[in-house]
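The values are calculated or read from the model by the stated rules, or taken from the named source; none is laboratory data. Worth saying up front: this structure is predicted, and the values here are computed from it rather than measured. Cβ atoms come from the backbone with ideal geometry, glycine included; neighbour counts cover every protein chain shown.
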Amino acid sequence: MTKRCAALHCAEPVAGYSTLCESHKRTLRRHGHALQKGITVQELKPFQDRIAARRAKNPANATWELLRGRWEALTAHAKASLDAYAKGSPAISYDRQTAEQLGTLRSTVSVDVVIDTTLAMFLMWEQSSHRFMWDKAFNFQLARRVRGLAEANSSSHYSATEGRWHSLKPLDISHNAI
Ligand SMILES: [Zn+2]
């Protein structure tokens, strides 16, 4: 007898040796939980507005500089890793992908936008905790929304040799490394 998917209210047959069906298996891989729905830009907007208002009200607060320093340190570490890989150091593929994405974020998105988006996600987690199935699913959504900032700024690139624009294919986040 074919086993049924373990996700709530799902009657689909399981995929291979998984306890989940094909669709829920995919959602687990993309979102960190079989029943987690992606946090949209529109959903996050009210929380971003509140963070922006807080920043406007307290621009001299030491927290902003502290967070900028953290982002500098994180992206500098990513750059050092990429430099080492370029010189032949061994690399785990998801570590290298994470470093590349951090590098893209650093070069295309303002540090304050990264900070405000991250803080907005934490605010949403605190105030709409029902939208996150568990901690790991929150980490996935946080990574997806921050990564999305770079995609919004560089969703395509121009190939001089081919003379046309290409869409950049977003990397799959299977590791909540950010
Ligand atoms: Zn299912």
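Residue selection: Gln42 fails the criterion of being touching an Asp or Glu at 6+ places or on another chain (Cβ under 9 Å) and away from the ligand (no atom under 13 Å from the Cβ).
Taken over the stretch 1-39, the criterion of being polar (S, T, N, Q) and touching a residue at least 60 places away in the same chain (Cβ under 8 Å) is satisfied by Gln36 alone.
Starting from residues that are within 11 Å of the ligand (Cβ to nearest atom) and of a type in the set (S, T, N, Q), keep the ones in the stretch 1-39 and report whichever is nearest to Lys136 (Cα to Cα). My answer is Thr27. Of the residues in the stretch 54-64, none is closer than 14 Å to Val146 by Cβ and either surrounded by fewer than 16 Cβ atoms within 10 Å (Cβ to Cβ) or touching a residue at least 12 places away in the same chain (Cβ under 8 Å) (or both).
Comparison of His33, His24 shows that the only residue that is assigned to a loop (DSSP other than H, G, I, E, B), surrounded by 15 or more Cβ atoms within 10 Å (Cβ to Cβ) and either charged (D, E, K, R) or modelled with pLDDT of 95 or more (or both) is His33.
Among the residues here, Glu100 does not qualify as of a type in the set (D, E, K, R) and exposed (fewer than 14 other Cβ atoms within 10 Å of the Cβ). Of all the residues in the stretch 65-89, those that are without any contact (Cβ under 8 Å) to a residue 24 or more places away in the chain and more than 14 Å from Val111 (Cβ to Cβ) number 11.
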